[in-house]
Amino acid sequence: MSVKTVKQDVYAEEQKEDIGAVVRRSIGMPGVDYLDPFLMLDEFYITPPAGFPDHPHRGFETVSYVLQGAGMHEDCCGHKGTLHAGDVQWMTAGRGIVHCEMPSGTEEVHGLQLWVNLASKDKMIDPAYQELQDKDIPRNTKDNTTVKVIAGESQGVKSPMLTRTQTVYLDFKMQKDGKLVQPIKKGWNSFVYVLSGKALFGPEGNQTEGCPHHALILNDEGENLVAVNKGPEECHFVLIGGQPLGEPVATHGPFVMNTEEEIQQAILDYKLKQKGFEVAKTWKSDYLTNR
């Protein structure tokens, strides 16, 4: 069996944003600026009144996974709702969207947000949403390890989530003496992010201990992730992998395109509320309206 090794261990340092927000960013920092097709992974803790009021996106997808608490979301296309603990939202910004993401209620919200790049052919498609409530996310338990299949397939169960950029997103909870053999395609970029507990990742004799708030970047060779938990506590981690796009990347805040010219056009389009941002001319979220 061909087993992936860990080629880089990245600690996601705590950063304070605004009053009441703490973010741990692993992908999207100088150590791992871009892991094609992944632009960013944040583990966030947000306490009201902190949050992310009305802001634009173009050219990529955001995946929001709530682990604790609840977060409200609203956008200029008329989409509105609340994500509770265990729920996932996969938002395709496409040609342009303006939305608001804020805590719902007074409880701290803890979760993950992943940014997935789109191929040049998909960057200007219409915005779209997919949402899965916790109860509707497929899961299975084997060898003292439970998986929630957010995207892709694991342990014989498959997620209904459509991924325009081929992606696997798996949430594992591994108990004492748990073990895992998870196929990941050779040539894909993939990583593990540990939320709590500890486990060993990699082949026997070349294992790396994964600790909380660490991203373990896997070698693109090999076709399986192997993990074991020899400690007394549960280890909670996610495994994320995707097919590289192999295209140039230009970024400016919430805009991700292929060239600097396209970035400048995105900035202009948002400023003039055109070419995808027309609806935002008169739109303001209920959060801002009611302040």
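The values are calculated or read from the model by the stated rules, or taken from the named source; none is laboratory data. From a predicted model like this one, the values you see are computed outputs, not experimental measurements. Using ideal geometry, Cβ is built from the backbone for each residue, glycine included, and neighbour counts are taken over all protein chains shown. To get the accessible areas, we keep the full protein, side chains included, count just its heavy atoms, and leave off ligands, DNA and RNA. Shrake-Rupley method; radii C 1.70, N 1.55, O 1.52, S 1.80 Å.
Brief remarks on what is shown
- Per-residue SASA entry for R24, accessible area with 1.4 Å probe, Å² rounded to 10: 30 Å²
- CD proxy at 222 nm, helix term only [per DSSP H run n ≥ 4: -39500 (n - 2.57); per residue of the chain; nearest 500]: -1500 deg cm²/dmol
- Rule-of-thumb Rg ratio for the chain [Cα; 2.2 N^0.38 Å; N residues]: 1.00
- Computed from backbone phi with θ = phi - 60° and the Karplus coefficients 6.51, -1.76 and 1.60, the 3J(HN,Hα) list for the range 230-243 is 9, x, x, 9, 4, 10, 10, 8, 10, 10, 10, x, x, 7 Hz; x is used for glycine and proline.
- Cα shape, the range 50-150, gyration tensor, a/c 1.5 rule: oblate
- Evaluated over the Cα positions of the range 1-98, the convex hull gives a direction-averaged projected area, one quarter of its surface, of 8.4 nm².
- Solvent-accessible heavy-atom area per residue, rounded to whole Å², over the chain at 1.4 Å: 44 Å²
- Hz values of 3J(HN,Hα) by residue in the range 34-41 - Karplus curve (6.51, -1.76, 1.60), Gly and Pro given as x: 8, 10, 2, x, 9, 8, 6, 9
- Relative to the globular-protein estimate of 2.2 N^0.38 Å, the Cα radius of gyration of the range 145-291 stands at 1.38.
- Entries in K123/K173; K80/K158; K16/K121 that, when Cα-Cα distance is taken, lie over 29 Å: K123/K173; K16/K121
- Carbon/sulfur fraction of accessible area - the range 1-143, other protein chains in place, 1.4 Å, %: 50 percent
- The convex hull drawn around the Cα atoms of the range 1-58, when projected onto a plane and averaged over every direction, covers 6.1 nm².
- Our coupling estimate for the range 112-126, obtained by passing each phi through the Karplus curve with A = 6.51, B = -1.76, C = 1.60 and θ = phi - 60°, is 10, 10, 10, 10, 10, 6, 10, 5, 3, 5, 10, 5, 10, 6, 5 Hz, Gly and Pro reported as x.
- Candidates T163, T106, T146: whichever shows maximal mean-square fluctuation once the chain is modelled as a Gaussian network with Cα springs under 10 Å: T106
- Net +/- balance of residues flanking Q207 in space, Cβ distance below 13 Å, scoring K and R +1, D and E -1: +1
- Once you reduce the range 39-56 and the range 185-264 to the center of their Cα atoms, the two points are 21 Å from each other.
- Paramagnetic label reach from D134 (point 7 Å along Cα→Cβ; backbone nitrogen cut-off under 18 Å): within the range 8-49, residues 44-46.
- For E17, solvent-accessible area (1.4 Å; no DNA, RNA or ligand), Å²: 60 Å²
- Angle in degrees between helix 260-272 and the longest Cα principal axis of the chain, rounded to the nearest 10: 50 degrees
- Net charge of Cβ neighbours under 15 Å - reference E14; Lys, Arg +1; Asp, Glu -1: -3
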